[in-house]
1. Apply the Karplus curve 6.51 cos²θ - 1.76 cosθ + 1.60, θ = phi - 60°, to the phi angles in segment B:34-46 and return the couplings in whole Hz, x for Gly and Pro.
2. Ignoring ligands, DNA and RNA, what percent of the 1.4 Å accessible area of chain A is carbon and sulfur?
3. If the cut-off is 20 Å between C-alpha atoms, which aspartates and glutamates fall inside it for B:K297, apart from same-chain ones fewer than 8 positions away?
4. For B:G230, which sequence-distant residues (separation of 5 or more, or a different chain) have an amide H within less than 5 Å of its own amide H, given hydrogens modelled in the peptide plane?
5. With the cut-off at 27 Å, tell me which of the pairs B:K27/B:K228; A:K111/B:K150; B:K27/B:K121; A:K111/B:K62 have Cα atoms farther apart than that.
6. Would you mind giving the total buried accessible surface between chains B and A, with a 1.4 Å probe and ligands, DNA and RNA left out, rounded to the nearest 100 Å²?
7. What is chain A by shape, rounded, prolate or oblate, if you read a ≥ b ≥ c off the alpha carbon gyration tensor as root eigenvalues and call it rounded for a/c under 1.5, prolate for a/b larger than b/c, and oblate otherwise?
8. Would you check the accessible area of A:K61, probe 1.4 Å, heavy atoms only, in square angstrom rounded to 10?
Amino acid sequence: MAIAEIQGQSTEDVRPPVRLFRNLNAKIASIPMIMTAVFVFIGCTVWTIVHSFTKSRLLPKLDFVGLDQYERLWGTRRWLVSIENLAIYGICSLVLSLVIGFTLAALLDRKIRFENTFRTILLYPFALSFIVTGLVWQWILNPDFGIQSVVRGWGWESFTFDPLYNPDIVIFGILIAGIWQGSGFIMVVMLAGLRGIDEEIWKAARVDGIPTWKTYIFVVIPMMRPVFVTALVLITSGIVKVYDLVVAQTSGGPGIASEVPAKYVYDKMFQAQNLGQGFAASTMMLLSVVIILIPWAYLEFGGKKRG
Amino acid sequence: MGYTSENLAEIAIDTPQTLAEPSVRIKNLDLNFGSVKVLQNLNLDVGKGEFLVLLGSSGCGKSTLLNCIAGLLDVSGGQIFINGKNVTWSEPSERGIGMVFQSYALYPQMTVEGNLSFGLKNARIPKEEIAKRVARAAEILQIEPLLKRKPSALSGGQRQRVAIGRALVRDVDVFLFDEPLSNLDAKLRADLRVEIKRLHNQLDNTMIYVTHDQVEAMTLADRIAIMKGGKIQQLAAPGEIYNRPVNKYVAGFIGSPSMNFLQGNIQTGDTDVFLSGDVSIPLAGYAFDGLGRSPGKAWLGIRPEHILTGAEAEAAPFNTQAVIEIVEPMGSDTLVWTQLAGERIRIRMDGQSDVREGDTITIGFHAERVSLFDEATENRI
Ligand SMILES: Nc1ncnc2c1ncn2[C@@H]1O[C@H](COP(=O)(O)OP(=O)(O)O)[C@@H](O)[C@H]1O
Ligand SMILES: [Mg+2]
């Protein structure tokens, strides 16, 4: 009622501007981007989903077969292995990147000497492409040339370290390369966040007698929530991109032990000439991203309106 | 007999307040950042229950000195005693101090209550005791209704109250303030200033308060230490600093608008006079006794509020005619700019005076209101 009164009053004096026309220039300027988003992202997504219910092979064809492609997908061992690998890689990479990135940043933030040098060294891997990283680590982890042969050369003849050739742990060999490449960047993001923390907060905590580690956990990390969200997005995009790393390091082997979903999609669409199967797999990937994203978006944005 | 920074230490110990055991004693303190010497051989005693203000322009080392007392910086030399205990190398939390910062430095993810109790919980103080102390601090600072709120839901003034509360619950004898009011707007600043004064009267703690605002310093302090370049220029009660500044820097720093200075020569003889250009100012009745010893080049300082006009000026031992260049009405009083002996000077007049730019008025002053400073050393004569 109060609002109605106020609005009624204000229309008598000055007419409030029509909302649609506020910041008109900015709105016009953003039209191309909005169009791109609508047609390319949403349009292509819908097109893909629709075709995942067809039996398209070399070319897309609207020849509907219901859920056949999905039944076949979930009956394929290679797909199941891919999903399992992605889950292991994703969870480990998320946790380790955050922990290692934050720890390195916290160490650098303690005002050590040669900070710039360390930062450059740790950031360097990020400048390399996944293919280069993959190849470098393929050599390092190669039993005949890498760590294993070096240690054996020192006289420990029975030493074995061949993650890329052992189906049980091959995904961890890929994980090492992924972490090595990504942690430096996460560290820099975290370091920027830590530098944004007011010096006086640290002083206040010291006067209060709070130990450094407790200050990090109870004061600093909660203050860095936006930085963690950014890091999370960056790491997640790295997880989705793991395709290149796998191709460079193992090509999915030994056998199918290091397959990942993105590689499955690519192989089905462009090598096995089975578009329908590829579309079904990519729709499943989209679905899982949505399942992860919706609760997060709800917490992040729904929470703000309430709080 | 001027007191310069060299013999300050003795003077500080001579004042009756510090004859009893001082609450905070700083002996020969040095502090360097790498090769930059910020504080050098600094001595300072702060009496029990005293309100000491460290005043100086930005970058003169006030915060550095306060952080040394708090233990947030490792000193390069010298010693610090708090309540008779040598705390030079103790952790901040073990020194018996509480501290309030310019940016409030509250823990943003905790409620007000959490902010007040976090340090106490960490020190494993029993729950009932914590509750008692928080309730007492909240009552003293009138923040009881805010206890469940987060700092982001508080105004600047409320945040600073909470920050003071966080120092209060520590139950310590010495409070350190680092420009606590600088982030507040003028009105709130005045309110909280009075609040802090009331707090000091109520608690009787020792307070060391850093500011660059001379109004805060003059109104709050028992004694003010004026700092420049890491040295204490003068340590004295506010009135003393205003009336008897030891050197030209202190004289120009304290007082708003600041003191007028004329450059010239002192001529001693039958009658002592100060000569500046074609102006000759008689010095009979000069309030300090250094005249005999230092004839020569000097600065003459006279505060804008001590320059008389009209009939009072006619009656003063020194008077002259001056043309008004600019008039700045400020309500309660009016600031008038004019020239004397080729220098631009300010005069503070009654707010009701109806002078106008271009008018010629009589100005004058008494020699006992004047301060003279040696041109070379800038110390008071
Ligand atoms: N961490 C630091 N490293 C190097 N120089 C510093 C540091 N902190 C302060 N300084 C220098 O010490 C001097 C005094 O600083 P500070 O005590 O903060 O002055 P203020 O009187 O404004 O509080 C300044 O010249 C400043 O540049
Ligand atoms: Mg400061």
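The values are calculated or read from the model by the stated rules, or taken from the named source; none is laboratory data. Every value quoted in this text rests on a predicted model; they were computed, and no experiment measured them. When we count neighbours, we look across all protein chains shown, and the Cβ atoms used for this are built from the backbone with ideal geometry, even at glycine. These accessible areas exclude ligands, DNA and RNA; they are computed on the full protein's heavy atoms, side chains included. Shrake-Rupley method; radii C 1.70, N 1.55, O 1.52, S 1.80 Å.
1. Running phi through 6.51 cos²θ - 1.76 cosθ + 1.60 with θ = phi - 60° gives x, 9, 8, 8, 8, 10, 10, 6, 8, 10, 7, 10, 10 Hz.
2. C and S fraction of accessible area: 70 percent.
3. B:D270, B:D272, B:D278, B:D289, B:E343, B:E368, B:D374, B:E375, B:E378
4. The list, which skips near neighbours in sequence, is empty: none.
5. Values: B:K27/B:K228 18 Å; A:K111/B:K150 31 Å; B:K27/B:K121 34 Å; A:K111/B:K62 23 Å.
Result: A:K111/B:K150; B:K27/B:K121 exceed 27 Å.
6. For chain B against chain A, roughly 1800 Å² becomes buried.
7. oblate
8. 120
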